[in-house]
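See structure below.
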Amino acid sequence: LPLLVAGVVIGLGSAVYLWRQGPPEAERAAQRITAAELSFDQVDLARSGRGATLTGRVTNGSPLYRLREMSLDLRLRDCPTPETEPADCPTIGESSAISRPDAPPGQIRAFSAHFTFANVPPVAGTLRWDWAVTALRSTE
């Protein structure tokens, strides 16, 4: 019985300790900066044989945290005309990539992400593309 009581006390103590530690570092790193705190300019897409590279500049608007990496999604669309809204164009390719701009708080850094695509058909109209930030990792 004394061993059982000691085991319960140690187990409860460990549970309280872990609970007070908060979420793991990986979870905290993903929540310190939001996509709304970032701004982008000079974003460009260069296509290659089986992929594309998205480049540009990112401004880290966080006053406290360093932006280490961004997960990005890129969608290629084949629009009938240059005036067609991208949402009305069929998607011909989708891919995800990671960029590591390593931007300190309040600073601007260049970013680059290479995307690979499989089985993208030839563009019949006008190539349009859009991208989104899907995840962030930051440090103090």
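Couple of notes before you dig in:
- The stretch 48-137: relative contact order in percent, alpha carbon pairs under 8 Å with at least 6 residues between: 44
- Taking Asp88, Asp73 and ordering them by how much accessible surface each has at a 1.4 Å probe, largest first, produces Asp88, Asp73.
- From its DSSP helices (H runs of at least four residues, each -39,500 (n - 2.57)), the chain gives a residue-normalised ellipticity at 222 nm of -6000 deg cm²/dmol.
- Accessible area per residue was computed with a 1.4 Å probe on protein heavy atoms; Arg128 scores about 70 Å².
- For the stretch 40-50, Karplus couplings with θ = phi - 60° (6.51, -1.76, 1.60), whole Hz, Gly/Pro x: 10, 8, 6, 6, 9, 10, 10, 8, 10, x, 10
- Pairwise FRET efficiency - Val123 versus Ser71, Cβ, R0 = 30 Å, nearest 0.05: 0.70
- Cβ charges +1 (Lys, Arg) and -1 (Asp, Glu), total dipole of the chain, debye: 480
- Along each principal axis, taking the top coordinate minus the bottom one, the Cα set of the chain gives 78, 35, 25 Å in descending order.
- Label positions at Asp130 and Ala6, each projected 7 Å from the Cα along the C-beta direction, are separated by 6.3 nm.
- The accessible area of Leu1, taken with all protein chains in place and a 1.4 Å probe, comes to roughly 150 Å².
- The label-point distance for Thr116 and Ala35, in a model that sets each label 7 Å from Cα toward Cβ, rounds to 2.5 nm.
- Local electrostatic count at Val58 - Lys and Arg +1, Asp and Glu -1, tallied over other residues with Cβ under 9 Å: +1
- Ranked by solvent-accessible area (1.4 Å probe, protein heavy atoms only, all chains present), the residues Glu94, Glu83 order from largest to smallest as Glu83, Glu94.
- A full extension of the chain between Glu140 and Arg109 corresponds to an added length of 9.4 nm, given 0.36 nm per residue minus the alpha carbon distance.
- Full-extension gain in nm, Asp44 to Ser96, via 0.36 nm per residue minus C-alpha separation: 17.1 nm
- Near the amide H of Ser112, within less than 5 Å, lie the amide hydrogens of Arg100, all on another chain or at least 5 residues away, with H placed in the peptide plane.
The values are calculated or read from the model by the stated rules, or taken from the named source; none is laboratory data. What you see is a predicted model, and the numbers here were worked out from it, not measured in a lab. Positions of Cβ are backbone-derived with ideal geometry, glycine not excepted, and every protein chain shown enters the neighbour counts. For the accessible areas, the whole protein counts, side chains as well, though only heavy atoms, and no ligand, DNA or RNA atoms are used. Shrake-Rupley method; radii C 1.70, N 1.55, O 1.52, S 1.80 Å.
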